[in-house]
Amino acid sequence: PPGTKRAPSGWGGSTRTEAEEDDLVGYIKSLHEGWTDEVHYVLDNTPESSVEQRDLYDRVPELLRSWSDGSVTLIGDAVHPMMPNLGQGGCQAIEDAYVLTEVLKGVNDTAAVPEALSSFYRKRIVRTTIIQFLSRLASDLIINAFDTPWSPHDQKGTNWKSYLTFAWKPLLQYVIFPAQFAYLYSYYPSGSMGDLPAELDAKWKKKHFEDSERAFASAGTGKNTDIGESFLNAAVKKEEVAA
């Protein structure tokens, strides 16, 4: 968990100590109990010296304080860091840059810059706050509420979180996720793109279908049958030979 400092930070600024090297691999394996054997094989062959801890943090939205001070402003993760679960950190920085450019286009006097930057803050604060909230919600649900969904075909999901995840799947798939991504991707600061998204969708569906058909046809002729075994199996055989 963040702040535990079980291992040195992968972001730099800390060094490894003996206390941190107290069976780190065993600790990570305990977090993956019940996972496939390949995962535990990889962990068993991971040197403890290579284990790093990379904590993730967001922050409370600046609803009562501007991102700007005079002619200086902050954008992106510098002012609205968010959990990575929706992949929106970089996206929101790009949106910030676009809106900031549009705001500053009309500024012809340096005396007007502070007010322009305040305007930039007002234009962006609501959207970034909502996306920060959605990202934190997604992170909390994945870590604290959901687990491998229950299935009648295996015994991998048998705790209460598994049954909860199974029960929520229809609502997540058909209501929550569509509404969430509709909000994330319905932002057109330069105006509506018209039929372009639908045209690109049709174009790439056609291309991917044609490419997949050619790949299957090629595989049927035996041209692509010389695929090697997985690196895990190869590593096991190498160990057996060495023994």
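Quick notes
- For the range 32-146: rounded, prolate or oblate by the Cα gyration tensor [a/c cutoff 1.5]: prolate
- Kirkwood Rh and Cα Rg combined as Rg over Rh, evaluated for the range 89-204: 1.16
- Rounded accessible area per residue of the chain, 1.4 Å, Å²: 70 Å²
- With helices as the sole contributors, the chain gives -16000 deg cm²/dmol at 222 nm; each DSSP H run of n ≥ 4 counts as -39500 (n - 2.57), and the sum is divided by every residue.
- Using distinct alpha-carbon pairs, which all enter the 1/r mean, Kirkwood radius of the chain in Å: 23.5 Å
- The long axis of helix 89-105 is offset from the longest Cα principal axis of the chain by roughly 20 degrees.
- Long-range HN-HN contacts of Met83 with modeled amide H, under 5 Å: Arg136
- Here the Karplus curve 6.51 cos²θ - 1.76 cosθ + 1.60, taken at θ = phi - 60°, turns the phi angles of the range 62-71 into couplings of 7, 7, 10, 9, 5, 6, 10, 9, x, 9 Hz, with x standing for Gly and Pro.
- Cα-based helix-to-principal-axis angle, 113-140 vs the chain, degrees rounded to 10: 30 degrees
- Accessible-area composition of the range 25-112, carbon plus sulfur, in percent [1.4 Å probe]: 58 percent
- Two-site FRET efficiency, Ser71 against Asp140, from Cβ-Cβ distance with R₀ of 35 Å, rounded to 0.05: 0.40
- C-alpha center-to-center spacing [the range 98-149, the range 163-226] in angstrom: 27 Å
- Taking amide H atoms as placed 1.01 Å from N in the peptide plane, the amide H of Ser9 lies under 5 Å from those of Ser14, Gln53, each 5 or more residues away in sequence or on another chain.
The values are calculated or read from the model by the stated rules, or taken from the named source; none is laboratory data. Because the structure is a prediction, the values reported are computed rather than measured. Methodologically, a virtual Cβ is constructed for each residue, glycine included, from the backbone with ideal geometry; neighbour enumeration extends over all protein chains shown. Heads up: the accessible areas ignore ligands, DNA and RNA and are worked out on the full protein's heavy atoms, side chains in. Shrake-Rupley method; radii C 1.70, N 1.55, O 1.52, S 1.80 Å.
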